[in-house]
1. Pull out all pairs, ordered by first then second residue, where Cβ-Cβ is under 9 Å, the residues are six or more apart or on different chains, the first lies in segment 171-197 and is open to solvent by 70 Å² or more (accessible area, probe 1.4 Å), and the second is assigned to a strand (DSSP E or B).
2. Any residue at all in segment 37-57 that's out of contact with any His (no Cβ under 8 Å at 6 or more places or on another chain), closer than 24 Å to Ile173 by Cβ, of a type outside the set (D, E, K, R) and open to solvent by 20 Å² or more (accessible area, probe 1.4 Å)?
3. Got at least one residue in segment 169-184 being of a type in the set (D, E, K, R), closer than 24 Å to Val108 by Cβ and in a loop (DSSP other than H, G, I, E, B)?
4. For segment 13-49, what are the residues that are farther than 19 Å from Asp201 by Cβ and touching a residue at least 60 places away in the same chain (Cβ under 8 Å)?
5. For segment 103-159, how many residues are assigned to a helix (DSSP H, G or I), open to solvent by 60 Å² or more (accessible area, probe 1.4 Å) and within 30 Å of Lys232 (Cβ to Cβ)?
6. I'd like the full set of residues that are hydrophobic (A, V, I, L, M, F, W, C), under 23 Å from Leu200 (Cβ atoms) and in contact with a helix residue (DSSP H, G or I) (Cβ under 8 Å, 6 or more places away or on another chain), limited to segment 162-190.
Amino acid sequence: MEHPKYKIALIVGAGEGLSASLARLLTAQGIRVALAARKIEKLGALCSETGAKAYACNATDPDEVERLFGLVEREIGTPDLVVYNASGRTRGPFVDLVPADVAQAIAVSAYGGFLVAQQAAKRMLPNKHGAILFTGASASVKGYAQSASFAMGKFALRGLAQSLARELSPQGIHVAHFVIDGGIRSAARTEPDDKPDSMLDPDAIAQSYWNVLQQPRSAWSWELELRPWVEKF
């Protein structure tokens, strides 16, 4: 069976880590890339490198998300690959958490994923083609102490992905959720010299996303866990 072909990707919650690696990989594959973030000032260099176009968007605002998709459609084309990479969290002892901060964290991690996926699905279903990918975390399956808001948001995002996979897969839309179980390497966050490869390489994560996108529909994954070889689980 021929591998699915994607033409236009939209990455929501874009930044300098995994999103940047995805943008570079997708561009190298001939896919046009749109990047969306609440603040896009830091995306200038990545846009220059990849030819991607950046859009400012608050993913928790339904009107802004709808406007984002409209702009991308008019200026680039209709996305047939959408990645939700945004997360929100507020840390601290449970009894000290500020309710408004918790509500905002859950909104970014989960509600924004719903809004983005809904706009994506509306555009993909008529063609019975497309992919919606969600970036999860260790907290998607493990609730850590003093991290209640992150666990609530990521558990909800995973539930959304599973529900959508069951509903949309039979209609030609590949939905997948990625459990990133470990720290992601960056310029500001490197592993100790005596523990090489003890953190996730963002380029390697991006390659795993691409591998899932290339799966024939007779053997689709809805979830993939990724962790360094030394990570306990």
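The values are calculated or read from the model by the stated rules, or taken from the named source; none is laboratory data. Everything numeric here is computed off the predicted structure, so don't read it as measured data. Cβ sites come from the backbone with ideal geometry, for glycine too, and all protein chains shown count toward neighbours. For accessibility, only protein heavy atoms count, side chains too; no ligands or nucleic acids. Shrake-Rupley method; radii C 1.70, N 1.55, O 1.52, S 1.80 Å.
1. Once the first residue is open to solvent by 70 Å² or more (accessible area, probe 1.4 Å) and sits in segment 171-197, no partner that is assigned to a strand (DSSP E or B) comes close enough.
2. Scanning segment 37-57, I find no residue that is out of contact with any His (no Cβ under 8 Å at 6 or more places or on another chain), closer than 24 Å to Ile173 by Cβ, of a type outside the set (D, E, K, R) and open to solvent by 20 Å² or more (accessible area, probe 1.4 Å), so the answer is no.
3. yes
4. Gly13, the sole residue that qualifies.
5. 3
6. Scanning segment 162-190 gives Val175, Ala176, Phe178, Val179, Ile180, Ile184.
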